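Undergrad: Take a look at the following structure, please.
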Amino acid sequence: MLQSYLAGDDLVLHIVGGNRETDCYSLQVLDLVDVKVDVPAKIDDNPALLREYSIKPSLKELDSKTHKCLLELKVSIKINNPLPIHFDLYGIELDLLYEKDTPNNLSIPKFLVHINDTKHVSWLSHEENSLELDTAVHDFDTCLEVVGFYLHDQLAFDIQHGHISMGAGSGNFSIPFSVKGIHIHPGRSNNGTSSQPPFVVEER
């Protein structure tokens with residue numbers, strides 16, 4: 001139930017009596033009570049667990065002669081503990097894909113990199129944590145295609161097979177998540193204002 005809620009599913013709880021064997025008439029009446037409680041997976045129109053996410057690519061090297069490439073990626077994820085429970089965060093794992101963002105959405109996402117970040121964070125009740133995941137891509141053809149999509153304002157990333165490893169008390173569990181359509185626009189920051197472009201091309 002806890003995994004389902006943190007994964008983004010609304011819950012419906014039922015509070016019922018549990019005194020069927022009692023001789024007390026009042027408790028017998030309470031045993032007939034069935035109170036339904038709706039627990040939405042969003043708080044103030046925001047997901048209960050996964051609050052914010054962003055991807056910042058930075059092209060450090062693209063050498064057409066040697067076919068060397070260094071595309072650094074910083075994946076930022078802000079997660080929230082919506083419950084009055086102390087959690088331990090043990091790590092996060094995901095697949096990052098890229099695709100050409102077109103009006104007809106016929107592009108098939110392509111695998112870019114797998115990220116597996118292991119760290120222990122003590123996660124207090126109702127506290128937000130920001131995770132910074134750093135990785136890099138070195139395949140020249142992949143870099144070239146990603147840069148081409150970016151320059152034509154057609155670059156989008158997807159997160160698939162995401163898992164947040166966490167624990168409460170003596171029990172550990174994993175929360176699955178995925179995000180589709182993280183768009184990267186030339187010369188724009190996350191809030192849409194002008195900024196330095198995320199790609200710093202050093203082509204030789």
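The values are calculated or read from the model by the stated rules, or taken from the named source; none is laboratory data. All values derive from a computational prediction rather than experimental measurement. All Cβ positions, even for glycine, are placed from backbone atoms using ideal geometry, and neighbour counts span all protein chains on display.
Undergrad: Looking at segment 137-147, can you tell me whether even one residue there is assigned to a strand (DSSP E or B) and either over 30 Å from D63 (Cβ atoms) or β-branched (V, I, T) (or both)? Outline the logic, then answer.
TA: Taking segment 137-147 as the starting set, the residues that turn out to be assigned to a strand (DSSP E or B) are 137.
Narrowing further to those that are either over 30 Å from D63 (Cβ atoms) or β-branched (V, I, T) (or both): 137.
Yes, some residue in segment 137-147 is assigned to a strand (DSSP E or B) and either over 30 Å from D63 (Cβ atoms) or β-branched (V, I, T) (or both).
Undergrad: When only residues in segment 122-143 that are hydrophobic (A, V, I, L, M, F, W, C) and over 18 Å from K74 (Cβ atoms) count, which is nearest to the chain's Cα centre (by Cα)?
TA: To start, the set of residues in segment 122-143 that are hydrophobic (A, V, I, L, M, F, W, C) comprises 123-124, 131, 133, 136-137, 140, 143.
Applying the additional criterion that residues be over 18 Å from K74 (Cβ atoms) yields 123-124, 140.
On the way: W123: 17, L124: 19, F140: 27 Å.
Filtering first and then ranking leaves W123.
Undergrad: Any chance segment 34-57 includes a residue that's farther than 23 Å from N129 by Cα, in a strand (DSSP E or B), at pLDDT below 70 and of a type in the set (A, V, I, L, M, F, W, C)? Steps first, please.
TA: So in segment 34-57, the residues farther than 23 Å from N129 by Cα come out as 34-38.
Then drop every residue that is not in a strand (DSSP E or B), which leaves 34-38.
Now narrow it down to the ones that are at pLDDT below 70: 34-38.
Going one step further and asking which of them are of a type in the set (A, V, I, L, M, F, W, C), we end up with 35, 37.
So far as segment 34-57 goes, yes, one or more of its residues are farther than 23 Å from N129 by Cα, in a strand (DSSP E or B), at pLDDT below 70 and of a type in the set (A, V, I, L, M, F, W, C).
Undergrad: Here's another thing I want to ask about it. Determine whether segment 166-187 contains at least one residue that is at pLDDT 90 or above and of a type in the set (S, T, N, Q).
TA: no
Undergrad: Looking at segment 62-109 only, could you name the residues that are of a type in the set (V, I, T), in a strand (DSSP E or B) and touching a residue at least 60 places away in the same chain (Cβ under 8 Å)?
TA: Initial filter on segment 62-109 (of a type in the set (V, I, T)): 66, 75, 77, 79, 85, 92, 102, 108.
Filter once more, keeping what is in a strand (DSSP E or B): 75, 77, 79, 92.
If the condition is that a residue be of a type in the set (V, I, T), in a strand (DSSP E or B) and touching a residue at least 60 places away in the same chain (Cβ under 8 Å), then V75, I79, I92 are the ones that fit.
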